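As structure tokens, the structure follows; a few thoughts come after it.
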Amino acid sequence: MSHDVKSAERPAPDALLTAIADYAIGHRIDSALAYETATYCLLDTLACGFQALAYPACTKLLGPVVPGATLKGGARVPGTPYELDPVNAAFNVGAMIRWLDFNDTWLAAEWGHPSDNLGAILAVADYRSRAGHALTVKDVLTGMIKAHEIQGVLALENSFNRVGLDHVLLVRVASTAVATAMLGGTRDQVIDAVSNAWIDGGALRTYRHAPNTGSRKSWAAGDATSRAVRLALFALRGEMGYPSALTAKTWGFQDVLFKGKTLALPRPFGSYVMENVLFKISYPAEFHAQTAVEAAMTLHPQVRARLDRIAKVVIETQEPGVRIIDKTGPLANPADRDHCIQYMVAIPLLFGRLGAADYEDEIARDPRVDALRAKMQVRENPAFTEEYYAADKRHIGNAVQVFFDDGSASERVQVDFPIGHRKRRAEGMPVLLRKFEASVDAHFSPAQARMIKAMCADRSKLAALPVTDFVGALATV
């Protein structure tokens with residue numbers, strides 16, 4: 001850290017910058033569990049992207065920036081015919097996998113979605129492989145493990161949302177480090193690139209919160225990954241970095257954007273995050289409400305014949321659930337609805353389901369939805385909050401109970417952690433694979449779908465597959 005603001009002497013790189021670079025360049029991943037989970041994560045993340053391609057609100061943003069700006073032999077975008085430069089390809093992949101709020105989650109002081117980084121990783125892997133530097137799917141999995149780790153470990157104790165910054169800041173940092181390494185960058189080049197990623201600051205979270213909730217939250221990750229690839233490519237051209245980007249007095253990230261606090265690195269980088277990541281398997285919904293949706297699904301058979309007799313619905317949730325998704329009043333768009341716990345409980349109580357299409361206007365216009373929302377009371381359950389923040393538990397508890405106008409009530413259904421939690425892996429992974437297979441079947445022709453599913457059926461063979469063959473199999477004409 002430079003203490004003399006008048007001195008032009010450049011200091012040694014910040015310790016956090018070097019820790020990220022050393023991990024991205026030199027750390028060997030030897031965890032079989034991490035690779036197994038990363039394989040599931042790859043399939044799940046692609047499934048989310050394929051599902052998003054059914055929504056024009058997403059596809060209108062994909063493809064070249066302007067007509068004709070394609071790159072023959074460039075990075076391909078799965079599920080589409082696009083071949084693009086890796087910067088724009090990263091945006092395309094990042095936007096489609098995040099669009100429906102259905103990919104994995106990490107909950108800590110800062111939450112986020114580590115598989116957002118696949119936008120940069122897959123675009124760079126395909127681009128570099130087609131340029132003659134052959135990579136395999138295992139290289140993609142390694143990049144995923146490392147990006148998950150950088151993003152997730154930095155999120156353990158550093159709460160960017162508390163200072164108004166969006167969690168995609170960490171997507172940009174993690175993707176920049178991993179993309180620079182995958183492109184063949186040196187340790188110094190990774191430090192330079194990552195310093196620029198921090199200097200970019202952070203997007204405001206306002207697009208995730210009332211009254212401004214909107215679709216930018218669905219393409220923010222694509223924006224972050226595309227910026228990461230651009231910064232990586234700049235570093236490989238010799239563009240300079242900024243060694244005290246984090247700690248410089250007055251002008252560094254910590255003083256300007258983090259209220260002067262020191263960024264914490266609470267544990268060494270390894271493979272902890274991938275091993276413990278949370279999957280959204282059953283419902284495309286903001287993660288703090290996943291167990292509330294599951295509870296509502298359990299209650300649907302008990303209440304469906306008495307919907308007109310409901311007097312109130314009590315939802316108990318954790319503090320973040322109250323702070324982020326407890327929302328009243330008109331909901332303007334699908335992005336608004338998938339961040340409203342009342343809406344996410346109302347749909348399964350009414351219909352016994354919650355899918356991406358249930359956030360669209362056609363369903364939201366049903367007058368029963370808002371009528372039921374108006375009868376809901378959201379309360380913080382202190383025990384849920386305590387167990388949410390407890391490092392040895394990491395529960396995401398919710399409870400739902402329905403009360404009727406004759407004084408009777410349903411059972412109180414409590415779910416402590418969702419099916420995508422590590423504690424429910426054995427139950428969850430078959431459901432995840434069905435999610436992947438259904439997404440492939442819905443998007444591709446029957447012949448291509450069979451080929452894709454066969455390609456992904458054997459983990460060891462998939463890991464050894466050249467990236468060019470893997471991504472090529474996912475392209476459409």
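The values are calculated or read from the model by the stated rules, or taken from the named source; none is laboratory data. Computed from a prediction, not measured in an experiment: that's the story for all the values here. Please note: Cβ atoms are built from the backbone with ideal geometry, for glycine as well, and neighbour counts cover all protein chains shown.
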### Query
So Gly428 fits all but one of (1) assigned to a helix (DSSP H, G or I); (2) modelled with pLDDT of 95 or more; (3) buried (at least 18 other Cβ atoms within 10 Å of the Cβ); (4) not basic (Lys, Arg); what number is the exception?
(2)
### Task
Within the stretch 57-76, track down each residue that is in contact with a Phe, Trp or Tyr (Cβ under 8 Å, 6 or more places away or on another chain) and without any contact (Cβ under 8 Å) to a residue 40 or more places away in the chain.
Leu62, Gly63, Pro64, Thr70
### Residue list for the stretch 386-421, filter: acidic (Asp, Glu) and in contact with a helix residue (DSSP H, G or I) (Cβ under 9 Å, 6 or more places away or on another chain)
Asp405, Asp406, Glu411, Asp416
### Message
Looking at Ala426 and the list (1) without any contact (Cβ under 8 Å) to a residue 24 or more places away in the chain; (2) at positive phi; (3) among the small types (Gly, Ala, Ser), which single condition is not satisfied?
### Response
(2)
### Task
Specify which of the listed residues (Ala221, Ala203, Ala232, Ala210) is touching a Lys or Arg at 6+ places or on another chain (Cβ under 7 Å) and at pLDDT 95 or above.
Ala221
### Query
Got a number for residues in the stretch 269-285 being surrounded by 23 or more Cβ atoms within 10 Å (Cβ to Cβ) and of a type in the set (Phe, Trp, Tyr)?
2
### Summary
With criteria (1) over 27 Å from Pro382 (Cβ atoms); (2) without any contact (Cβ under 8 Å) to a residue 40 or more places away in the chain; (3) in contact with a helix residue (DSSP H, G or I) (Cβ under 6 Å, 6 or more places away or on another chain), Glu275 comes up short on (2)
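Go through the stretch 431-461 and count every residue that is crowded, with 19+ Cβ neighbours inside 10 Å and over 19 Å from Asn103 (Cα atoms).
The first filter runs over the stretch 431-461 and keeps only residues crowded, with 19+ Cβ neighbours inside 10 Å, leaving 432, 435-436, 439-440, 443-444, 452, 456.
Those left that are additionally over 19 Å from Asn103 (Cα atoms): 444, 452.
Residues meeting the conditions: 2.
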### Query
Is it the case that the stretch 65-73 has a residue that's within 27 Å of Ser439 (Cα to Cα) and out of contact with any Pro (no Cβ under 7 Å at 6 or more places or on another chain)?
yes
#### Entry: Condition met for Val471 (under 22 Å from the mean Cα position of the chain (by Cα) and surrounded by fewer than 17 Cβ atoms within 10 Å (Cβ to Cβ))
no
## Note on the structure
Scanning the stretch 77-111 residue by residue, the ones that are of a type in the set (S, T, N, Q) and either surrounded by fewer than 24 Cβ atoms within 10 Å (Cβ to Cβ) or without any contact (Cβ under 8 Å) to a residue 24 or more places away in the chain (or both) total 2
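Within the stretch 434-477, how many residues turn out to be in a helix (DSSP H, G or I) and either touching a strand residue (DSSP E or B) at 6+ places or on another chain (Cβ under 9 Å) or among the polar types (S, T, N, Q) (or both)? Before you say what the answer is, go through the steps one by one.
The first filter runs over the stretch 434-477 and keeps only residues in a helix (DSSP H, G or I), leaving 434-443, 446-455, 459-464, 467-474.
Remaining after also requiring either touching a strand residue (DSSP E or B) at 6+ places or on another chain (Cβ under 9 Å) or among the polar types (S, T, N, Q) (or both): 439, 448, 460, 463-464, 467-468, 470-472, 474.
The total comes to 11.
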### Message
Exactly one of these conditions fails for Glu294: (1) over 30 Å from Val153 (Cβ atoms); (2) not in a loop (DSSP other than H, G, I, E, B). Give me its number.
### Response
(1)
### Task
Determine whether the stretch 11-24 contains at least one residue that is under 30 Å from Gln189 (Cα atoms), surrounded by 15 or more Cβ atoms within 10 Å (Cβ to Cβ) and within 21 Å of the chain's Cα centre (by Cα).
yes
### Task
For Val171, indicate whether it is in a helix (DSSP H, G or I), modelled with pLDDT of 95 or more, more than 16 Å from the chain's Cα centre (by Cα) and of a type in the set (Val, Ile, Thr).
no
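Being touching a helix residue (DSSP H, G or I) at 6+ places or on another chain (Cβ under 9 Å), assigned to a helix (DSSP H, G or I), within 16 Å of His339 (Cβ to Cβ) and not aromatic (Phe, Trp, Tyr) narrows it down to one of Ala197, Ala210, Ala224, Ala220, so name that one. Spell out how you get there, then give the answer.
Values: Ala197 fails: within 16 Å of His339 (Cβ to Cβ); Ala210 fails: assigned to a helix (DSSP H, G or I); Ala224 fails: within 16 Å of His339 (Cβ to Cβ).
So the residue among Ala197, Ala210, Ala224, Ala220 that is touching a helix residue (DSSP H, G or I) at 6+ places or on another chain (Cβ under 9 Å), assigned to a helix (DSSP H, G or I), within 16 Å of His339 (Cβ to Cβ) and not aromatic (Phe, Trp, Tyr) is Ala220.
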### Summary
Across the stretch 125-150, the tally of residues that are outside any helix (DSSP H, G or I) and aliphatic (A, V, I, L, M) stands at 3
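Yes or no: the stretch 381-401 includes at least one residue that is hydrophobic (A, V, I, L, M, F, W, C), within 19 Å of Leu299 (Cα to Cα) and modelled with pLDDT of 95 or more.
Within the stretch 381-401, the first condition is being hydrophobic (A, V, I, L, M, F, W, C), and the residues that meet it are 383-384, 390-391, 396, 399-400.
Adding the requirement that they be within 19 Å of Leu299 (Cα to Cα) leaves 396, 399-400.
Then keep just the ones that are modelled with pLDDT of 95 or more; that gives 399-400.
Taking every residue of the stretch 381-401 in turn, at least one turns out to be hydrophobic (A, V, I, L, M, F, W, C), within 19 Å of Leu299 (Cα to Cα) and modelled with pLDDT of 95 or more.
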### Message
Anything in the stretch 358-398 that is touching a His at 6+ places or on another chain (Cβ under 9 Å) and closer than 24 Å to Arg309 by Cα? List them, or say none.
### Response
Asn398
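Only one of these is surrounded by 14 or more Cβ atoms within 10 Å (Cβ to Cβ), of a type in the set (D, E, K, R) and under 18 Å from Asp416 (Cβ atoms): Glu386, Glu360. Name it. So that I can check it myself, show each step before the final result.
Details: Glu360 fails: under 18 Å from Asp416 (Cβ atoms).
The conditions single out Glu386.
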### Query
Does any residue in the stretch 374-391 that is part of a loop (DSSP other than H, G, I, E, B) come within less than 8 Å, Cβ to Cβ, of a residue that is at pLDDT 95 or above and surrounded by fewer than 18 Cβ atoms within 10 Å (Cβ to Cβ) six or more places away or on a different chain, and which pairs are these?
Lys375/Ala311; Lys375/Lys312
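Of these, Val314, Val369, which one is surrounded by 14 or more Cβ atoms within 10 Å (Cβ to Cβ), touching a strand residue (DSSP E or B) at 6+ places or on another chain (Cβ under 6 Å) and either without any contact (Cβ under 8 Å) to a residue 40 or more places away in the chain or outside any loop (DSSP other than H, G, I, E, B) (or both)?
Exactly one residue qualifies, and that residue is Val314.
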